[in-house]
1. Could you tell me whether A:Ala97 is within 12 Å of DNA strand D (Cβ to nearest atom), free of Cβ contacts under 8 Å to residues at least 24 places away in the same chain and over 13 Å from the mean Cα position of the chain (by Cα)?
2. Based on what the data block shows, is A:Tyr36 in contact (Cβ under 8 Å) with a residue 60 or more places away in the chain and either within 12 Å of DNA strand C (Cβ to nearest atom) or not in a helix (DSSP H, G or I) (or both)?
3. If I filter the stretch B:59-77 for residues that are over 18 Å from the mean Cα position of the chain (by Cα) and at pLDDT below 95, do I get at least one hit?
4. Out of (1) at pLDDT 95 or above; (2) within 13 Å of DNA strand D (Cβ to nearest atom), the odd one out for A:Arg30 is which?
5. Among the residues of the stretch A:43-88, write down those that are in contact (Cβ under 8 Å) with a residue 40 or more places away in the chain, more than 9 Å from DNA strand C (Cβ to nearest atom) and surrounded by fewer than 18 Cβ atoms within 10 Å (Cβ to Cβ).
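The values are calculated or read from the model by the stated rules, or taken from the named source; none is laboratory data. Values in this document were obtained by computation on a predicted structure and should not be read as measured data. Neighbour counts run over all protein chains shown; Cβ positions are idealised from the backbone, glycine included.
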There are 2 protein chains.
Amino acid sequence: MTEQPAAALRDQDFLRLDGQICFALGAANRAFGGLYRVVLKDLGLTYPQYLVMLVLWENGTTPVKELGRRLRLDSGTLSPLLKRLEAAGLIRRERSAQDERSVHAVLTDEGTALRERAVEVPRRIAAATGFELTEIRDLQVRLARLTAALDAAVPQD
Amino acid sequence: MTEQPAAALRDQDFLRLDGQICFALGAANRAFGGLYRVVLKDLGLTYPQYLVMLVLWENGTTPVKELGRRLRLDSGTLSPLLKRLEAAGLIRRERSAQDERSVHAVLTDEGTALRERAVEVPRRIAAATGFELTEIRDLQVRLARLTAALDAAVPQD
DNA sequence: AGCGATTGAGTTGTGCACAACTGAATTGTG
DNA sequence: CACAATTCAGTTGTGCACAACTCAATCGCT
């Protein structure tokens, strides 16, 4: 009923094949989620919260805008997440004096101290993958390339 | 990023490195999400709903349990999702006569007809990745291996 | 200086993911 | 046969992701 692809693959093959890369991606992503859930449990953090803390531990005080840029999250996700981190006593939110629109996330002493207990997290995760570092790197590079291609294909921003 | 011998990595390097594979994974996953959102928009489906439809198109009537097994989703996710598909007129839910605990998802005529319009989806997605099929396959295999390793590391089930 | 456009954070609403739970149907074991 | 354990779908509650919006602060242009 429509044009046939040049390759030997037919529509129904594509429909079966299709889910697979995204599905494999989603499955891996959720498997990581499950592992992080366990590992981060006694730090009292979720995985996205942990990512925010990573940025803060590395960078110190950071504007919400910058957190969003680094983590690819928008204010609709970050605002409530930061509120929860603040409620947990790990950060404070301070309006910038220079630009009253901007809000900075600032580590509290408690938030800073949590880093000590977080250092073991990456090792536990890495151990669970059973992958060599080089292989992880390779996967990263491919995924980054894939992401860039996909982003380019969606005309947003 | 800068290359570094694996042996020389310290805690803080780990803390920086750490997010990266999962982060790359999450980024790729969300990039796919964004693309699917656009492509599936005029089918009126979300990506998880599309996955359910794929299974139904391939398999016909399928118990909720089996959908969960295939898609790695639990009833907490599937129940409301299937309700929405039913509300959209694409499926019906029918309690099994053999086992009254079990519910089968059944395609309506409308749901079956939607397949015609869905066949172009995989091509559009594949085109957006710009990846060769072999490369996609390779990535799939690696991700599946990663997922299996991670699942094995989380003592659930 | 005046004022429209843009920027930044936040809110609302929808949908997914998952834990913990409920309740009904079925199965297994004594 | 009885009844405890299990299975299955569904519900509730929390948190993330994102679209669409609001509102105030700032910027840019004239």
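1. For A:Ala97, the condition - within 12 Å of DNA strand D (Cβ to nearest atom), free of Cβ contacts under 8 Å to residues at least 24 places away in the same chain and over 13 Å from the mean Cα position of the chain (by Cα) - is met.
2. Judged against the criteria, A:Tyr36 is a match.
3. no
4. (1) is the only condition that A:Arg30 fails.
5. A:Leu43, A:Gly44, A:Gly60, A:Thr61, A:Ala88 - these are the residues of the stretch A:43-88 that are in contact (Cβ under 8 Å) with a residue 40 or more places away in the chain, more than 9 Å from DNA strand C (Cβ to nearest atom) and surrounded by fewer than 18 Cβ atoms within 10 Å (Cβ to Cβ).
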